[in-house]
Amino acid sequence: MNSEVRINLNHLINNVNYLKSIMSNSEIYPVIKSNAYGHGTLKIAQKLSENEIKTVCVATCNEIVEIINSNIKLNIFHLGKIFLKKNIMQKNVVFTINSINDIKYINSVCKKNNYVLRCHIKVDTGMRRLGCEMIDFCDIYKLALKSKYIKLEGVYSHLSSADNKNSKHNSKQINNFKKIVNQVKESNIKFHLLNSAGVFNYKDYLYDFVRPGLSIYGISPNKKVNNNLKPVMEFLAPIILHKQIKKGDKIGYGCSFIAKKNMKMAIVQCGYGDGVPIEFSNRGQVFYEDFQFPIIGRVSMDLICIDITKYNQKKNIDKVTIWGGKNKYSRLEYIANKFNTIPYVYLTRISNRVERKYV
Ligand SMILES: Cc1ncc(COP(=O)(O)O)c(C=O)c1O
């Protein structure tokens, strides 16, 4: 008996359609890096391609190769640092230019291969991560337009604090991006700036494309649940043993839980080796219908122990939900917030031994 994640592909499409409904004319470039945020790259890519999505975003060269090899009909937008190999120099792959050195590199590799590469320039408007310096943009832009080996199609940036509507830094970055947009005179160049949180908080700056990740998987980027977004992933694990615990019994590694009274306990086949965060030890919960059962003791590699004393129904509980599913407290927005972290971390840490079932 194993833990599993159920991936509801209809929810994925519901979420994409909802995002479309709140945007005017800008096109969605869903972000499917890091194994589609733990949901499985190829199944997610396939479903998106069947539902009018033309382009997906990834971060690494291996992620490009995985999609190319699958023959799924999608354009692939590479958000990462450019590194060219013959197998990814294809007409459906679009690369990012971050510096003058990237232009020199593209020119030298593409000259040898007599190849014209589709590119966007990324500008660092204030996040101080990827993207060229604002001051270098004009030179990079001119060099890209002049190059025989570059087909410049877009210019973009990324906000550091899009989930915080009150951030003055967002206004600064948006103003910087506007300055960049004003320097671009060619009408065929497209612009994009926003991730999921940006789509909700900065609707005036949708530009030509948006790059939502988290929200297409049904999780609100704004910490509070948005009922229009339906969680795509439900993480489930089987109960494999029941025990009667006596007052004073010590549970699990390190005896970190000592029973204050007699209890009914269940042991669940799922631990940090599957992706249950260690910080759930003595603080997390699992879910079954309307019930919430506390995790007691330390999360082990393969197992967790839960207190089911309050369970008063006849029906046997076969599986519990770690997150996702119908119980409103099982939404990752709540859980991540409780543990002072972000849902992305939990989604992407589901390990390989957890079977993904697509429904
Ligand atoms: C450049 C870029 N755009 C878009 C996204 C998608 O962000 P989100 O998942 O918050 O929508 C990311 C995610 O890390 C990113 O790095």
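The values are calculated or read from the model by the stated rules, or taken from the named source; none is laboratory data. Everything quoted here is computed from the prediction, not taken from an experiment. Counting neighbours? That spans all protein chains shown, and the Cβs are built from the backbone with ideal geometry, glycine included. Side chains are part of the model used for accessible areas, which takes the heavy atoms of the whole protein and leaves out ligands, DNA and RNA. Shrake-Rupley method; radii C 1.70, N 1.55, O 1.52, S 1.80 Å.
A compact table of results
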{"quantity": "Residue check, residue 194 farther than 29 Å from residue 38 by Cα and either more than 16 Å from the ligand (Cβ to nearest atom) or outside any helix (DSSP H, G or I) (or both)", "calculated": "no"}
{"quantity": "Meets criteria (at pLDDT 95 or above and away from the ligand (no atom under 16 Å from the Cβ)) for residue 177", "calculated": "no"}
{"quantity": "Any hit, the stretch 45-56, residues being within 13 Å of the ligand (Cβ to nearest atom) and either without any contact (Cβ under 8 Å) to a residue 24 or more places away in the chain or over 23 Å from residue 189 (Cβ atoms) (or both)", "calculated": "no"}
{"quantity": "Given (1) on the phi > 0 side of the Ramachandran plot; (2) open to solvent by 50 Å² or more (accessible area, probe 1.4 Å); (3) of a type outside the set (Phe, Trp, Tyr), index of the condition residue 258 fails", "calculated": "(1)"}
{"quantity": "Any hit, the stretch 204-224, residues being modelled with pLDDT of 95 or more, touching a His at 6+ places or on another chain (Cβ under 9 Å), under 30 Å from residue 316 (Cα atoms) and within 14 Å of the ligand (Cβ to nearest atom)", "calculated": "yes"}
{"quantity": "Single match in 228, 201 (criterion: open to solvent by 20 Å² or more (accessible area, probe 1.4 Å), within 15 Å of the ligand (Cβ to nearest atom), modelled with pLDDT of 95 or more and not basic (Lys, Arg))", "calculated": "201"}
{"quantity": "Selected residue (only one of 142, 185, 165 is without any contact (Cβ under 8 Å) to a residue 12 or more places away in the chain, in a loop (DSSP other than H, G, I, E, B), loosely packed, with under 14 Cβ neighbours inside 10 Å and among the basic types (Lys, Arg))", "calculated": "185"}
{"quantity": "Flag if residue 147 is more than 22 Å from residue 77 (Cα to Cα) and open to solvent by 10 Å² or more (accessible area, probe 1.4 Å)", "calculated": "no"}
{"quantity": "Every pair of residues 6+ apart whose Cβ atoms lie under 6 Å, when the first sits in the stretch 196-218 and is of a type in the set (Asp, Glu) while the second is more than 12 Å from the ligand (Cβ to nearest atom)", "calculated": "208/26; 208/190; 208/191"}
